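Working notes, beginning with the structure itself.
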Amino acid sequence: MDLNELKYPIGKFQKLEVITNDILENWISDISTFPQKLINEVRLLSDEQLETIYRPEGWSIRQVVHHCADSHMNSLIRLKLALTEDQPIIKPYFENRWAELIDSKNLSIEPSLKIIEGIHERWTVLLNNLNKEQLARTFIHPEHRKSFSILENIGVYAWHCNHHLAHIISVKKRNKWN
């Protein structure tokens with residue numbers, strides 16, 4: 001397996017020109033079901049297994065779990081900002097630096113799994129109740145120097161869930177932990 005396959009096991013996010021209701025429902029389902037899928041993949045891993053990196057110069061499984069909590073917290077906040085403000089400029093963060101903090105490197109994954117469960121429950125309620133006008137609302141991401149619609153961001157985060165889940169699943173397969 002080459003480095004690019006290890007880094008992007010499901011490929012990079014591809015922005016769609018047309019997003020049907022079925023696609024949107026699938027994205028929301030991916031976000032909604034992510035906590036349980038993640039828990040199923042990591043719950044029986046030992047501390048030693050959680051320290052395994054998913055690719056050279058990548059994060060450990062532990063850091064990936066904590067990253068998902070951090071990233072998805074930020075995404076929920078961005079959604080709420082976009083729903084309540086006119087084209088807010090969101091605050092980017094240095095995810096690689098966050099992944100090096102002691103809570104991401106050394107803490108049990110249990111607190112982050114709880115965060116992910118709670119965030120995804122609230123996130124899913126909001127996503128399932130958005131109308132067309134709300135889906136079209138935008139926020140500005142200064143790091144990317146562009147505006148993102150809520151609809152596009154739902155796709156990005158459905159991909160993000162599956163992307164990191166695939167990292168964990170691929171490590172387990174390569175190490176024959178299943």
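All of the numbers you see were taken from the coordinates with simple rules; none came from a lab. Computed from a predicted model, the values in this text were never measured in an experiment. Cβ atoms come from the backbone with ideal geometry, glycine included; neighbour counts cover every protein chain shown.
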**Complete set of residues in region 136-167 that are out of contact with any strand residue (DSSP E or B) (no Cβ under 8 Å at 6 or more places or on another chain) and of a type in the set (Lys, Arg)** = ARG145
**Request:** Search region 124-139 for residues that are over 17 Å from ILE19 (Cα atoms) and pair each with any residue that is surrounded by 15 or more Cβ atoms within 10 Å (Cβ to Cβ) and of a type in the set (Ser, Thr, Tyr) when their beta-carbon atoms are under 7 Å apart and the residues are at least 6 apart or on different chains.
**Result:** THR124/SER32
**Request:** Can you work out which of the residues in region 133-164 that are part of a helix (DSSP H, G or I), in contact with a Phe, Trp or Tyr (Cβ under 7 Å, 6 or more places away or on another chain) and hydrophobic (A, V, I, L, M, F, W, C) is farthest from THR52 (Cα to Cα)?
**Result:** ILE154
**Search result, residues across region 93-120 that are more than 24 Å from PRO142 (Cα to Cα) and in contact with a Ser or Thr (Cβ under 7 Å, 6 or more places away or on another chain)** = HIS120
**Item:** Members of region 156-178 that are aliphatic (A, V, I, L, M) and under 16 Å from TRP59 (Cα atoms)
**Value:** LEU165, ALA166, ILE168, ILE169, VAL171
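Can you name the residue in region 84-133 that is of a type in the set (Lys, Arg) and under 25 Å from LEU151 (Cβ atoms) and is also surrounded by the fewest Cβ atoms within 10 Å (Cβ to Cβ) among such residues? Talk me through it step by step, then tell me what you get.
At the first step, the residues of region 84-133 found to be of a type in the set (Lys, Arg) are 91, 97, 105, 114, 122, 132.
Imposing the further condition that a residue be under 25 Å from LEU151 (Cβ atoms) reduces the set to 91, 122, 132.
Numbers: LYS91: 12, ARG122: 13, LYS132: 7.
Of everything passing the filter in region 84-133, LYS132 is surrounded by the fewest Cβ atoms within 10 Å (Cβ to Cβ).
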**Prompt:** Considering region 34-60 alone, what residues qualify as being under 14 Å from the mean Cα position of the chain (by Cα) and surrounded by 20 or more Cβ atoms within 10 Å (Cβ to Cβ)?
**Reply:** PHE34, PRO35, LEU38
